[in-house]
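Since the structure comes first, as structure tokens, the remarks are kept for the end.
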Amino acid sequence: MNLEDYSFVQSFFIVLWIMMPAYLANTIAVVTGGRFPIDQGKKMGDRNRILGDGKTWSGLLGGTIGGIAVGYLQLNFGNSIIDGIAGTNNETFWGDTPFLIFFLLAFGALFGDLTASFFKRRQNLNRGDKYPLLDMYDFIVMSLLLTLILGGGWLQTWILDGIVPLFTLLIATPILHRGVNIIGFKIGLKNEPW
């Protein structure tokens, strides 16, 4: 896939499409979470929880499976959507191992969120406290890192393909993240709008 063959707007939406399993994994984790804290209530030497009550096995599992399901739906039923946006075949975006990519994007997003939670607890921040840059990019950086390491070269085929992917990830991600969090707050799924 070569994003230089598409307009800026097309490339922008293609990147959002590709990252959808990562973007939605966090949202699905909020809905499926709440049971069985990963850290089992344990504290570190700083007397703070390792992760906190907000990071649960049910959220991790639900968000990962949900992100894979989003990718599956995109791959099998999203052709008309992506064809309308980019005029291309959906399958070209996922490479030879689409389910591995879906897993890495979804699990990576949640692992990034877990990592951010760990660092927030080390800074004596409570669940829901703001940590602006970390909160906006934790999930996307880790999902990209895992796909870079374990995705068999998939990431290099499009992320390094011009300025649009980086622009989209750096600019659109915090906007989308904030928007989804505001919606989650307004409908009662989140305790804070960030």
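The values are calculated or read from the model by the stated rules, or taken from the named source; none is laboratory data. Just so you know, these numbers come straight off a predicted model, no measurement behind them. Cβ: placed from backbone, ideal geometry, glycine included. Neighbour counts: every protein chain shown.
Would you be able to say whether some residue in the stretch 122-134 is buried (at least 21 other Cβ atoms within 10 Å of the Cβ) and either of a type in the set (D, E, K, R) or over 19 Å from I38 (Cα atoms) (or both)? Break it down into steps so the answer makes sense when it comes.
Initially, the stretch 122-134 is screened for residues buried (at least 21 other Cβ atoms within 10 Å of the Cβ), giving none.
No, there is no match, as no residue in the stretch 122-134 is buried (at least 21 other Cβ atoms within 10 Å of the Cβ) and either of a type in the set (D, E, K, R) or over 19 Å from I38 (Cα atoms) (or both).
Does any residue in the stretch 125-151 that is part of a helix (DSSP H, G or I) come within less than 8 Å, Cβ to Cβ, of a residue that is of a type in the set (S, T, N, Q) and surrounded by 18 or more Cβ atoms within 10 Å (Cβ to Cβ) six or more places away or on a different chain, and which pairs are these?
If the second residue must be of a type in the set (S, T, N, Q) and surrounded by 18 or more Cβ atoms within 10 Å (Cβ to Cβ), the pairs left are M136/T173; Y137/T173; F139/N26; I140/T173.
I need the full set of residues from the stretch 18-53 which are outside any loop (DSSP other than H, G, I, E, B), in contact with a strand residue (DSSP E or B) (Cβ under 6 Å, 6 or more places away or on another chain) and not basic (K, R), in order please. Let's see the steps before the verdict.
Just the residues of the stretch 18-53 that are outside any loop (DSSP other than H, G, I, E, B), to begin with: 18, 20-32, 37, 43, 49.
Add one more test, that the residue is in contact with a strand residue (DSSP E or B) (Cβ under 6 Å, 6 or more places away or on another chain), and what stays is 37, 43, 49.
Hit for the stretch 18-53 is P37, nothing else.
Out of the residues in the stretch 83-114 that are crowded, with 21+ Cβ neighbours inside 10 Å and modelled with pLDDT under 90, which is nearest to the chain's Cα centre (by Cα)?
Within the stretch 83-114, the match that is nearest to the chain's Cα centre (by Cα) is F93.
Outside any helix (DSSP H, G or I) and farther than 16 Å from M19 by Cα - does that describe any residue in the stretch 56-72? Please lay out each step first, then the result.
Within the stretch 56-72, the subset outside any helix (DSSP H, G or I) is 56.
When the remaining residues are screened for being farther than 16 Å from M19 by Cα, the result is 56.
Checking the stretch 56-72: at least one residue is outside any helix (DSSP H, G or I) and farther than 16 Å from M19 by Cα.
Which one is farthest from A116 (Cα to Cα) among residues in the stretch 1-23 that are of a type outside the set (F, W, Y) and crowded, with 21+ Cβ neighbours inside 10 Å? So that I can check it myself, show each step before the final result.
Residues of the stretch 1-23 of a type outside the set (F, W, Y): 1-5, 7, 9-11, 14-16, 18-22.
Within this subset, residues satisfying the condition of being crowded, with 21+ Cβ neighbours inside 10 Å are 3, 11, 14-15, 18-19, 21-22.
Numbers: L3: 31, S11: 29, I14: 27, V15: 24, I18: 23, M19: 19, P21: 19, A22: 15 Å.
For the stretch 1-23, the residue satisfying everything is L3.
Confirm whether P165 is crowded, with 17+ Cβ neighbours inside 10 Å and modelled with pLDDT under 85.
Values: crowded, with 17+ Cβ neighbours inside 10 Å: yes; modelled with pLDDT under 85: yes.
Against the criterion (crowded, with 17+ Cβ neighbours inside 10 Å and modelled with pLDDT under 85), P165 qualifies.
Checking the condition in contact with an Asp or Glu (Cβ under 9 Å, 6 or more places away or on another chain), of a type in the set (S, T, N, Q) and farther than 21 Å from A172 by Cα, which residue from N48, N26, N79 passes? Spell out how you get there, then give the answer.
Numbers: N48 fails: in contact with an Asp or Glu (Cβ under 9 Å, 6 or more places away or on another chain); N26 fails: farther than 21 Å from A172 by Cα.
After ruling out the rest, the residue left standing is N79.
With the requirement that a residue be more than 24 Å from I68 (Cβ to Cβ) and either assigned to a loop (DSSP other than H, G, I, E, B) or touching a strand residue (DSSP E or B) at 6+ places or on another chain (Cβ under 9 Å) (or both), what does the stretch 82-124 give you?
The answer is G87, R121, Q123, N124.
Is it the case that V30 is at pLDDT below 90 and either in contact with a Leu (Cβ under 7 Å, 6 or more places away or on another chain) or among the hydroxyl-bearing types (S, T, Y) (or both)? Break it down stepwise before answering.
Details: at pLDDT below 90: yes; either in contact with a Leu (Cβ under 7 Å, 6 or more places away or on another chain) or among the hydroxyl-bearing types (S, T, Y) (or both): yes.
Spelling it out, V30 is indeed at pLDDT below 90 and either in contact with a Leu (Cβ under 7 Å, 6 or more places away or on another chain) or among the hydroxyl-bearing types (S, T, Y) (or both).
When you scan the stretch 40-73, how many residues do you find that are of a type outside the set (K, R) and exposed (fewer than 15 other Cβ atoms within 10 Å of the Cβ)? Reasoning before the result, please.
Step one: list which residues in the stretch 40-73 are of a type outside the set (K, R), which gives 40-41, 44-46, 48, 50-54, 56-73.
After this cut, where a residue has to be exposed (fewer than 15 other Cβ atoms within 10 Å of the Cβ) as well, the list is 40-41, 44-46, 53, 57, 73.
Qualifying residue count, the stretch 40-73: 8.
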